[in-house]
1. Assign unit charges at the C-beta atoms only (+1 for Lys and Arg, -1 for Asp and Glu), then state the dipole size of region 334-404 relative to its Cα centre in Debye, rounded to the nearest 20.
2. Largest first, how would Val220, Val385 line up by accessible area (1.4 Å probe)?
3. Based on the Cβ-Cβ distance of Ala316 and Ala96, what FRET efficiency does E = 1/(1 + (r/R0)^6) give at R0 = 56 Å, to the nearest 0.05?
4. Would you kindly find the accessible area of Tyr151, with a 1.4 Å probe and non-protein molecules such as ligands, DNA and RNA excluded, rounding to the nearest 10 Å²?
5. State which entries of Lys440/Lys577; Lys560/Lys600; Lys47/Lys100; Lys77/Lys219 exceed 23 angstrom in Cα-Cα distance in the structure shown.
6. With θ set to phi - 60° and the Karplus curve 6.51 cos²θ - 1.76 cosθ + 1.60, what are the ³J(HN,Hα) couplings of region 503-514 in order, to the nearest whole Hz, using x for Gly and Pro?
7. For a quick check: with amide H placed at 1.01 Å from N, whose amide H comes under 5 Å from Val354's, ignoring anything fewer than 5 positions away on the same chain?
8. Per residue, how much accessible surface does region 34-106 expose to a 1.4 Å probe? Answer in Å², no decimals.
Amino acid sequence: MQTGKMTKRFFPSLFVIFLLLSVVTVPRIAFSAFTVTEKIPYSDFKKLIQANKLEEVIIDSATMKGILKPEEGEKAKKIVTTVKIEDPDLIKELIAHNVKFSATTNGGWGQSLFLLWFIPMIIFLILMTRMRRGATGAGLMSIGKSRANLYIDKDTGVTFDDVAGVDEAKEELKEVIDYLQNPQKYQRLGGKIPKGVLLVGPTGTGKTLLAKAVAGEAKVPFFSIGGSGFVEMFVGVGAARVRDLFAQAQEKAPCIIFIDEIDALGKVRAAAPISGGHEERENTLNQLLLEMDGFDTRKGVILMAATNRPEILDPALLRPGRFDRHILVDRPDIKGREEILKVHCKNVKLGKDVDIKIIAARTPGFVGADLANVVNEAALLAARVGKEAVGMDSFEEAINRVIAGLEKKKRVMSKREQEIIAYHESGHALVAESVPGADKVHRISIIPRGISALGYTLQLPTEDRYLLTRSELMDRLAVLLGGRVAEEITFNEISTGAQNDLERATDIAMSMVREYGMSEKLGPMTFQNGRRPQFLDLGFRAGRELSEEVSKDIDNEVKKLIFDTHERVKGILEENKDRLEILAKLLLEKEVIEGEELRKIISETAPSPKKTSSV
Ligand code: ADP
Ligand code: ZN
């Protein structure tokens with residue numbers, strides 16, 4: 001009862017405030033899906049003043065912001081920013097051209113007072129709209145505006161020289177640049193132009209930088225927005241923003257649209273929580289798919305997006321004609337780190353004792369952003385103590401600081417861990433090269449990839465294969481066990497790093513016994529029942545029950561396959577123990593070994609004398 005009275009008294013007053021607020025704020029921003037901010041040179045800024053195009057100028061300590069007078073029929077509010085330059089004539093000119101101007105200090109008093117007052121209002125607005133959600137359509141758009149800022153950079157000024165250690169990605173992107181520079185050339189031959197390029201890799205490896213560099217190299221405008229900027233709690237806003245974005249981009253074509261953290265928007269539908277905001281994200285995603293299918297590549301708009309979680313993306317986004325080009329932007333190896341460090345040291349006065357190679361060697365697992373951080377931190381440290389140049393001691397200290405920061409995020413490997421991984425990966429590689437039915441090793445690396453995997457050994461199939469023979473499957477099993485066995489015979493103990501290998505090995509062995517009828521004991525029969533439930537396998541396919549006896553036989557056969565293979569691999573690696581040693585040491589030093597180099601090492605070294613029978 002009491003609460004009822006409370007609301008009655010409480011509501012009208014809040015409602016009045018709400019109405020008042022709407023009158024004040026909504027006309028300014030309601031129908032603009034974005035605030036468009038464009039960075040321009042100072043000279044252009046002045047020209048805008050002189051041409052009477054600016055309505056208002058806001059000056060802070062480092063930048064100047066100009067709000068353009070709205071043009072006929074324009075919905076979005078346009079803002080230009082420029083870096084502040086000492087210019088004694090500026091104020092005179094502002095007055096002469098009747099421009100309103102003011103100065104702010106960043107995040108000062110006024111702003112926090114404003115927030116104090118504004119935050120409760122926002123919460124109230126959210127509650128109000130949640131209640132009326134669905135009925136109002138794209139009514140209130142002002143909230144979350146800051147996240148949704150669309151940035152347009154006419155010229156990013158970033159070139160490929162600014163991005164280092166990602167040569168393969170650059171190579172792949174050259175085609176995109178070429179296309180943006182002369183779209184006609186491609187059209188004439190009827191060539192298919194990529195619409196969407198997805199950059200995949202851990203945070204801080206330079207995905208955004210690469211996208212900017214593509215725009216910079218092609219000298220086309222760069223539109224950027226974060227994926228989360230589309231996701232709003234208000235129905236229709238996200239979709240409207242997508243439409244707006246594409247409309248604006250097409251006007252400025254050729255150009256690049258870059259969506260950072262696209263996973264925020266493109267999460268696979270089932271993976272989303274059941275709660276609110278879910279349906280709205282789906283609408284937004286659908287709109288994006290619609291726009292992607294609809295826009296004409298001949299106009300020269302290329303969509304680029306970045307994610308560090310490709311596995312959660314909705315498959316619809318990855319289909320041909322959408323983000324069908326995937327480029328891996330991985331953690332840099334030692335050589336790559338050296339190059340990245342060089343880029344960031346360009347404008348730093350280095351001491352004579354600085355050896356960038358050593359810094360690169362001291363920073364395994366660091367991404368470009370970490371390295372930029374190291375250089376910056378070192379420069380600050382040196383400046384603080386009044387040094388003339390940044391010496392090696394400053395770098396050492398900077399590295400330690402950055403490592404301490406990363407350790408908190410559990411991204412640094414100890415020396416010991418690195419060693420174990422080096423032997424583990426060398427084991428995979430040596431087995432792969434020793435058995436006839438395995439794919440050739442393309443590359444071995446101990447640089448952590450993605451989120452969970454430690455090192456990796458990349459094997460490339462020499463041809464596309466659909467049928468595998470029993471002996472080929474046995475060889476695959478052997479390669480998978482190679483990592484663990486290498487750890488066993490080197491360290492006499494095993495780590496948890498082989499878990500994924502063992503899972504995959506068990507899967508193969510299970511399939512061999514159950515699905516392919518490759519067990520001698522059980523004969524050519526399949527026993528599909530009882531396997532692990534698969535995606536979309538809602539239990540409809542559960543077949544006949546297996547007798548306990550048969551289940552036991554299956555288990556025993558799987559076990560036997562794995563044990564036999566384990567023995568076989570042990571034989572192979574013991575025969576190759578010297579090579580294992582050489583390879584692991586080299587891997588520790590270089591972090592990456594290419595396939596050819598591996599085969600060269602194998603051909604130049606003798607097998608170890610100790611003879612164990614191998615199958
Ligand atoms: P991502 O988008 O992959 O998270 P960013 O492109 O935002 O990474 O990188 C952040 C910053 O780190 C860049 O602005 C740049 O200073 C530095 N950086 C990252 N990768 C590289 C690289 N490969 N070469 C040079 N600098 C890099
Ligand atoms: Zn492994």
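1. Numbers: 11 positive and 10 negative charges, 34 e Å.
For region 334-404, the charge dipole is close to 160 debye.
2. Values: Val220 5, Val385 105 Å².
If we order Val220, Val385 from most to least accessible, we get Val385, Val220.
3. Details: r = 55 Å, r/R0 = 0.99.
Efficiency at R0 = 56 Å is approximately 0.50.
4. Ignoring ligands and nucleic acids, Tyr151 comes out at about 110 Å².
5. Numbers: Lys440/Lys577 20 Å; Lys560/Lys600 35 Å; Lys47/Lys100 16 Å; Lys77/Lys219 25 Å.
Going by Cα-Cα distance, Lys560/Lys600; Lys77/Lys219 fall outside the 23 Å limit.
6. Running phi through 6.51 cos²θ - 1.76 cosθ + 1.60 with θ = phi - 60° gives 4, 5, 4, 4, 4, 4, 4, 4, 4, 4, 6, 7 Hz.
7. Met392
8. Numbers: 4380 Å² over 73 residues.
Result: 60 Å² of accessible area for each residue.
The values are calculated or read from the model by the stated rules, or taken from the named source; none is laboratory data. A quick note: this is a predicted structure, and the numbers were derived from the prediction, not measured. Note that each Cβ is placed from the backbone with ideal geometry, even for glycine, and that neighbours are counted across all protein chains shown. With ligands, DNA and RNA removed, areas are computed over all heavy atoms of the protein, side chains included. Shrake-Rupley method; radii C 1.70, N 1.55, O 1.52, S 1.80 Å.
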